[in-house]
């Protein structure tokens, strides 16, 4: 199945849709989201991206991130990806928006408006092995230390989110 992203202007007004890889080849601004799920100890659930991802494979990232499909809003897409990647769902709350640009070793480029959502979930998780190579819970203080000492282990998007984290 061919995947599409929703192209937008700088104000998040929908322009059109484009095939996902083509949008990333041409640096077209499109919608994206990131979800950060915390447990009651205020530890963040991270995932290590599976090798079948089209960029940043093997790197650590926030709980889930992706693109809304053309018929979805940001929240619907975030819930869909939580269920697809971790086989659970939870409430989410919009935290902030983050314009994001990054280029990768495979010549793909991300140019996105990333909506950042957070929530809390304190039950066992079971990652989908087709989507996630590994996962861990980590407190923010230790996470920020690790990003500072070994930034190459983390995705560019996630490092930017953590820079903006209060």
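Quick note: the coordinates plus some simple rules give every number you see, no bench work behind them. Worth saying up front: this structure is predicted, and the values here are computed from it rather than measured. Methodologically, a virtual Cβ is constructed for each residue, glycine included, from the backbone with ideal geometry; neighbour enumeration extends over all protein chains shown.
Within region 114-141, take every residue that is in a loop (DSSP other than H, G, I, E, B) and out of contact with any helix residue (DSSP H, G or I) (no Cβ under 6 Å at 6 or more places or on another chain) and give me the one that is surrounded by the most Cβ atoms within 10 Å (Cβ to Cβ).
As a first pass, look at region 114-141 and keep what is in a loop (DSSP other than H, G, I, E, B): 121-131.
Keeping just the survivors that are out of contact with any helix residue (DSSP H, G or I) (no Cβ under 6 Å at 6 or more places or on another chain) gives 121-124, 126, 129-130.
Values: 121: 18, 122: 11, 123: 7, 124: 6, 126: 10, 129: 9, 130: 9.
Among those residues, the one meeting the criterion is 121.
Among the candidates 95, 145, which residue alone is assigned to a strand (DSSP E or B) and more than 23 Å from residue 22 (Cα to Cα)? Before the answer, list the steps.
Values: 145 fails: assigned to a strand (DSSP E or B).
Being assigned to a strand (DSSP E or B) and more than 23 Å from residue 22 (Cα to Cα) holds for just one of 95, 145, which is 95.
Go through the residues of region 148-166 one by one and say whether even a single one is touching a residue at least 60 places away in the same chain (Cβ under 8 Å), buried (at least 17 other Cβ atoms within 10 Å of the Cβ) and over 16 Å from residue 47 (Cβ atoms).
Yes, region 148-166 contains a residue that is touching a residue at least 60 places away in the same chain (Cβ under 8 Å), buried (at least 17 other Cβ atoms within 10 Å of the Cβ) and over 16 Å from residue 47 (Cβ atoms).
When you scan region 3-65 for strands (runs of 3 or more DSSP E) that lie fully inside it, which ones turn up with 2 or more residues that are surrounded by 18 or more Cβ atoms within 10 Å (Cβ to Cβ) and under 16 Å from the mean Cα position of the chain (by Cα)? Spell out how you get there, then give the answer.
Details: elements: 4-8, 14-19, 30-38, 43-49.
Answer list for region 3-65: 4-8, 30-38, 43-49.
On the given criteria, is residue 68 assigned to a loop (DSSP other than H, G, I, E, B) and closer than 15 Å to residue 45 by Cα?
Working: assigned to a loop (DSSP other than H, G, I, E, B): yes; closer than 15 Å to residue 45 by Cα: no.
When the stated conditions are applied, residue 68 does not pass them.
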